[in-house]
2 protein chains.
Amino acid sequence: MELVRIYECLCDRTRLRLLHLLLQGPLCVCHLQGLLDEPQVKISKHLAYLRTRGLVTTTRDGNRIIYALPAKRSPELAANLACLQDCAAEEAVFRRDARRLAALQARLRDSGCPC
Amino acid sequence: MELVRIYECLCDRTRLRLLHLLLQGPLCVCHLQGLLDEPQVKISKHLAYLRTRGLVTTTRDGNRIIYALPAKRSPELAANLACLQDCAAEEAVFRRDARRLAALQARLRDSGCPC
DNA sequence: AATCTATATTCCGCAAGCGGTATATGGTGA
DNA sequence: TCACCATATACCGCTTGCGGAATATAGATT
């Protein structure tokens, strides 16, 4: 994957937040939507942007579409995701997202949710 | 510096090439122009883009303007520049730029050039 | 079949970015 | 002062990206 393509995916705040959350594991759209507290169309379009460029993969589970980071990642992508992980720890938005995700996961632990 | 601002600076190939070269040390515009083999206005505008966003600094030396990476870098910027340095080694364009820079530096070694 | 729920897509208007041409600026040297 | 060099800026047209409103799709449920 060409380096500049990766950066193009990283140069929007919403996409950064999505990728940062997906670093913790797969998530369906409705959860991402709830976590980011942004309109459905906005989330969906940014996920589509990432999907067409190969930064995320999708699987269907009934009604839900579950997004995840690709299992196999090029060295550049792996390096940049690691970098994002590190840097995100310094910014409030990302820490807040991570906190909300942790809370969500706690709630979901015993609820048979596919995500 | 906000993370997304950094990525905005990184999401253009010309700017990536410029930053990658500046990782090796300060350079004046005419040298960057020669190394990238791109029109003057293109180089100048991308450097201006980087300058207004604080990713490069300038000093004047007579007619020449010398661009450099900032001495003090935020952790995010430092991390991403290191990441770029690593990833660039995998792509032909960047390797070619680095080779040309090495050649230029060899030629300039004993020529009292300010860069 | 009709409905509901989750997600995607289309269409629109707007702003930003990019590359090029032409021109301006500002320091240097004759 | 005049010409010259290196660099920057203004303007233009084009493309891309973004957000929102409305609509479409596709699986689930009744």
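The values are calculated or read from the model by the stated rules, or taken from the named source; none is laboratory data. Since we're looking at a predicted model, the values are computed, not measured. Virtual Cβ from ideal backbone geometry, glycine too; neighbours counted across all protein chains shown.
Every residue, every condition in (1) modelled with pLDDT of 95 or more; (2) among the polar types (S, T, N, Q), yes or no:
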site: B:SER74; (1), (2): yes, yes
site: B:LEU77; (1), (2): yes, no
site: B:ALA92; (1), (2): yes, no
site: B:ARG96; (1), (2): yes, no
site: B:ALA102; (1), (2): yes, no
site: B:ARG107; (1), (2): no, no
site: B:ASP110; (1), (2): no, no
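Within segment A:31-84, the set of residues being touching a Lys or Arg at 6+ places or on another chain (Cβ under 7 Å) and either of a type in the set (D, E, K, R) or farther than 13 Å from A:CYS9 by Cα (or both) comprises A:LEU35, A:LEU36, A:ARG53, A:THR58. Checked against (1) within 14 Å of chain B (Cβ to nearest Cβ); (2) within 10 Å of DNA strand D (Cβ to nearest atom), A:HIS20 passes all but a single condition, namely (2). A search for C-beta distances below 8 Å between a residue of segment A:1-17 that is within 8 Å of another protein chain (Cβ to nearest Cβ) and assigned to a loop (DSSP other than H, G, I, E, B) and any residue that is aliphatic (A, V, I, L, M) and buried (at least 17 other Cβ atoms within 10 Å of the Cβ), counting only pairs 6+ apart in sequence or on different chains, returns A:CYS11/B:VAL4; A:CYS11/B:LEU10; A:ASP12/B:VAL4.
Residues checked against (1) part of a loop (DSSP other than H, G, I, E, B); (2) free of Cβ contacts under 8 Å to residues at least 12 places away in the same chain; (3) within 14 Å of chain A (Cβ to nearest Cβ):
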position	(1), (2), (3)
B:LEU35	no, no, no
B:GLU38	yes, no, no
B:LYS42	no, no, no
B:LEU50	no, no, yes
B:ARG73	yes, yes, yes
B:GLU76	no, no, yes
B:LEU81	no, no, yes
B:LEU101	no, no, no
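Listed conditions (1) in contact (Cβ under 8 Å) with a residue 24 or more places away in the chain; (2) of a type in the set (D, E, K, R); (3) assigned to a helix (DSSP H, G or I) are all met by A:ASP86, apart from (1). Which of the residues spanning segment B:40-77 are exposed (fewer than 14 other Cβ atoms within 10 Å of the Cβ) and more than 16 Å from DNA strand D (Cβ to nearest atom)? Across segment B:40-77, the qualifying residues are B:ALA71, B:LYS72, B:PRO75.
Scanning segment A:63-103 for residues that are within 12 Å of the chain's Cα centre (by Cα) and either within 16 Å of DNA strand C (Cβ to nearest atom) or among the polar types (S, T, N, Q) (or both) yields a count of 7.
Tell me which residues, restricted to segment A:78-96, are away from DNA strand D (no atom under 16 Å from the Cβ), closer than 16 Å to B:CYS87 by Cβ and hydrophobic (A, V, I, L, M, F, W, C). Residues satisfying the conditions are A:ALA78, A:ALA79, A:LEU81, A:ALA82, A:CYS83, A:CYS87.
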